[in-house]
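Colleague: I'd like to ask some things about the structure below.
The values are calculated or read from the model by the stated rules, or taken from the named source; none is laboratory data. Remember, it's a predicted structure, so these values are computed and weren't measured experimentally. Using ideal geometry, Cβ is built from the backbone for each residue, glycine included, and neighbour counts are taken over all protein chains shown. Please note that ligands, DNA and RNA were not included when accessible areas were found on the heavy atoms of the full protein model with its side chains. Shrake-Rupley method; radii C 1.70, N 1.55, O 1.52, S 1.80 Å.
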Amino acid sequence: MADCTHLDQIRDVTPSGDGCVECLATGGVWRHLRLCLTCGHVGCCDESVNQHARKHAAATDHQMMRTFEDGEDWVWCFADELFWESIGDIVR
Ligand SMILES: [Zn+2]
Ligand SMILES: [Zn+2]
Ligand SMILES: [Zn+2]
């Protein structure tokens, strides 16, 4: 396992909602959703126009996120650009 110093940022979070927080507030559109594993913020992916998940990570220093798409549970660390195929590989 590659080095990631952010694993302790992972909490048992409750998703903020069914869509990107900022896009819902501004009427924006997203492609895919990402869930912040520190606070439960739902934001849109890097393929979305506004990239709110990445902006959330930059603004809050919450580096760990997972996909919020049905049937997927991969995890990404923004700071280290590290990928895990399943959150089960990290948290059990
Ligand atoms: Zn990391
Ligand atoms: Zn968004
Ligand atoms: Zn967060």
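Colleague: Give the residue that is farthest from ligand 2 (Cβ to nearest atom), with candidates limited to residues of region 4-42 that are under 17 Å from GLU81 (Cβ atoms) and under 10 Å from the mean Cα position of the chain (by Cα).
Modeller: LEU37
Colleague: List, please: which pairs have Cβ atoms under 7 Å, are six or more places apart or on different chains, and start with a residue in region 63-84 that is touching a residue at least 60 places away in the same chain (Cβ under 8 Å) and end with one that is open to solvent by less than 60 Å² (accessible area, probe 1.4 Å) and of a type in the set (Lys, Arg)?
Modeller: Partner pairs satisfying both residue conditions: none exist.
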